[in-house]
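One structure is given here, and the rest of the page talks about it.
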Amino acid sequence: MEKKRTLNFGAGPAKLPQSVLLQAQKELLDYSGIGISVLEMSHRSSDFNKIINKTESLLRELLNIPDNYKVLFLQGGGSGQFSAVPLNLIGLKEDRCADYIVTGTWSAKAAKEAEKYGKVRVVHPKMDSYTKIPEPSSWTLNPSASYVYYCCNETVHGVEYHFTPETNGAVLVSDMSSNFLSRPVDVSKVRRGLLRSLRDGAAYSSLNLCAGVVQFGLIFAGAQKNVGCAGVTVVIVREDLIGHALKECPIVLDYKVQVEMNSLYNTPPCFSIYIMSLVLEWIKNNGGSAAMETLNKQKSSIIYDIINASNGFYVCPVDSACRSRMNVPFRVGKKEGDEALEKKFLEGASKRGMISLKGHRSVLLKYNPSDV
Ligand code: PLP
């Protein structure tokens, strides 16, 4: 009989579909009849080449990624991209400045890292707490910024964008580490007519000046939350943004080098890429990103409905307009949490086979301006 599995609520590394784990187990000693494991396979072999190419094509299919975007599978995690993004993009414009929308721990960390390489501006007034997205009308975007950065789902604080920031044509960079493939994403909003002119050779730089036309410049996401296990980070980057790295950019983080080498400049995390391919196949067979969105709406509203109906017994501090469908922070007993009750809650959950429900206390802490 199949063993009942523990219910793992961890944000990431997170639960994987059981069929994916079973397939990985089945293929662990002998991948596809070749007599060795993916763990033992050379990243230069034709077998691994097939795995990485299949992973990329599944990703392209699931997210409908246009041809003028490159897909990379890198190491270093989301945190590595906090450095790689400014190292590759802050030099796009002479002034070397970047605009950051800071809505939680992860975008604050990214902004702090970027300060090493250029001028960083937080585009909105300081907030008291990370419980909402500052009103877009309060943002002052710098027209000479090399890019505008935001974190699409702040994992710790449970703040998620349910819209895509408008940047007046500036390059938009998104950390989607914790909501990647949890819903469809319009990677590029190039209109039909413009697509035609792109095919006919129009320069992207001139298109970028058209407000609301070209959307994402770069999206990155660590795999361990929604699309696999730790070790690999996906970067989807628009072609025209490649080749502008600062001279001090470490070679393994240089998008141009990695694009030219099909993510194989150095040994990639082969097994993590293989696991990603299995998860992507699972997503495809289960209805793709639209089906994932329906499921995530259903799952998160079960919890939010209980919170809303609890008369203040469960408290979610996040503004209802930007509550995350991926991470639901809540306190038990009262607004600032009743520690004894929360302990009891976690013990009760654990007895019922539910783990990793303990969140971060920082959810209710005041915004600390020294974060950025
Ligand atoms: N960005 C977000 C939204 C995250 O949730 C995390 C980690 O949880 C990171 C970045 C950092 O990722 P990593 O631990 O892979 O460096």
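The values are calculated or read from the model by the stated rules, or taken from the named source; none is laboratory data. Just so it is clear, the model here is predicted, and its values are computed rather than measured. Surface accessibility is based on the protein's heavy atoms, side chains included, excluding ligands, DNA and RNA. Shrake-Rupley method; radii C 1.70, N 1.55, O 1.52, S 1.80 Å.
Expressed in whole Å with the largest first, what are the equivalent ellipsoid semi-axes of region 288-364 derived from the C-alpha gyration tensor as the square root of 5 times each eigenvalue?
The equivalent ellipsoid of region 288-364 has semi-axes of 23, 16, 11 Å.
At 0.36 nm per residue, minus the direct Cα-Cα distance, what do Glu135 and Glu248 gain on full extension? Give it in nm, one decimal, please.
37.1 nm
Label the chain by shape, choosing from rounded, prolate and oblate, from the square roots a ≥ b ≥ c of the eigenvalues of the Cα gyration tensor; if a/c is under 1.5 it is rounded, and otherwise prolate applies when a/b is larger than b/c, oblate when it is not.
Taking the square roots of the gyration eigenvalues as a ≥ b ≥ c, the chain is oblate.
Leaving ligands, DNA and RNA out of it, work out the accessible area of Glu248 with a 1.4 Å probe and give it in Å² to the nearest 10.
Around 100 Å² of this residue is reachable by solvent.
Of the accessible area of the chain, with the probe set at 1.4 angstrom, what percent is carbon plus sulfur?
Result for the chain: 52 percent of the exposed heavy-atom area is carbon or sulfur.
For the chain, with every protein chain kept in place, what is the accessible area per residue (1.4 Å probe, Å²)?
Computed with neighbouring chains in place, this is 48 Å² per residue.
Helix-only mean residue ellipticity at 222 nm, the chain, DSSP H runs n ≥ 4 weighted -39,500 (n - 2.57), per residue, nearest 500. What is it?
-10000 deg cm²/dmol
Any chance you could list P(r) for region 244-372, counting all Cα-Cα pairs in 5 angstrom bins from zero, rounded to whole %?
Result returned by the calculation: 2, 8, 11, 13, 12, 11, 13, 14, 9, 6, 3, 0.
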